[in-house]
Each structure stands twice: as structure tokens, then as C-alpha cells.
Amino acid sequence: MHESDTAAPAAAPPPGLIGYVHWIYGLHALSVLTSLTSSASVAGRFVFGLPSIIAVIMNYARRREARGNFLESHFAWQIRTFWYAFLALLIILLISAPLILILGLGVLTAMAGFGIVGIWVIYRVARGWLALRDRRRMPLRLI
């Protein structure tokens, strides 16, 4: 564990900011849930779904208010989850597209990759939201 994973800043968050972060997790969860009720992938809906796009904009809008308290780690966790998922999907597509033309396996690699990223997204949203409920900070590492 890193030292920053266990050391919680002493400052209390501004009033209403904890509820705001709950709303952001809720929007991300809504993107995940809508993908489960449609033909969209979890990862694709998370990155390109309107609720998650609104959530990441909300993250950037009030990120400064969280400096110096445990919510700062949640803002970073949510932003990194969004952008890492986006980057992972881009890499999967760049790998899968040529495989479709060459081997015909691109569809399978894309489906497997989107599935793995989708599970990772669900894990990150659930872990972050549970930690927020318990007023714990999030680690600075990727997983």
C-alpha cells in the first residue's frame, strides 16, 4: 500500500459535496444499468452514454472544492475510471479492426475486450460508491 492510500486528509468536505459525489456515482451507475437493459456494452455505454458524460463534466466542475479532504480521491477515481475506460476501448478497437480484416477474429477480441472493460467499470463504480458511503478515501492506484 502507498502511504497516500491510508493517510486521510483532515479537512472536512464543504456542505453538500458528499451528496454531489453520490449523484456522480449514481449517473455512472445509471449508464451501467441502461447498458444491461439494452444491446449496448457496459463499457461502451459508460464511455459514450449521456449520464456518464454529464458525470465527468460534473467531476471537473467541482473538483477544486474537494481539495484537501477525502472527496478529492473520489473525484480523481471517477475521472480516471472514465478516461481509462475510454482509452481501453480505443486500444481494443485499434487492435480488433485489423484482426477483422486479417483473421476474422476481430469481433471476438472486441467482444472479449469490451466485456473485460465493462466488468472493470462495474467494479470501479461499486467500489468507489461503497467507499464514499463509508467516507473512506480511494487509493491512487489503477485497480
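Annotation: extensible slack from R141 through I116 equals 7.2 nm (criterion: 0.36 nm per residue apart, minus Cα-Cα distance). Here each label is just a point 7 Å from Cα along the line to Cβ, and for L108 and I95 those points are 1.5 nm apart. With neighbour counts taken as other beta-carbon atoms within 10 Å, the residues W23, W77 rank, fewest first, as W23, W77.
Sequence-distant contacts, meaning Cα pairs under 8 Å at least 6 residues apart, place the relative contact order of the range 15-133 at 32 percent. By how many degrees, 0 to 90 and rounded to 10, does the Cα axis of helix 106-133 deviate from the longest principal axis of the chain? So the helix axis and the longest Cα principal axis differ by about 10 degrees. Cβ-to-Cβ counts within 10 Å put E72, E65 in ascending order as E65, E72, the fewest first. Counted by neighbouring Cβ atoms within 10 Å, the residues M138, M111, M58 run from fewest to most as M111, M58, M138.
Just so you know, all these numbers are worked out from the coordinates, no wet-lab data involved. None of the values given here were measured: they were computed from a predicted structure. Using ideal geometry, Cβ is built from the backbone for each residue, glycine included, and neighbour counts are taken over all protein chains shown.
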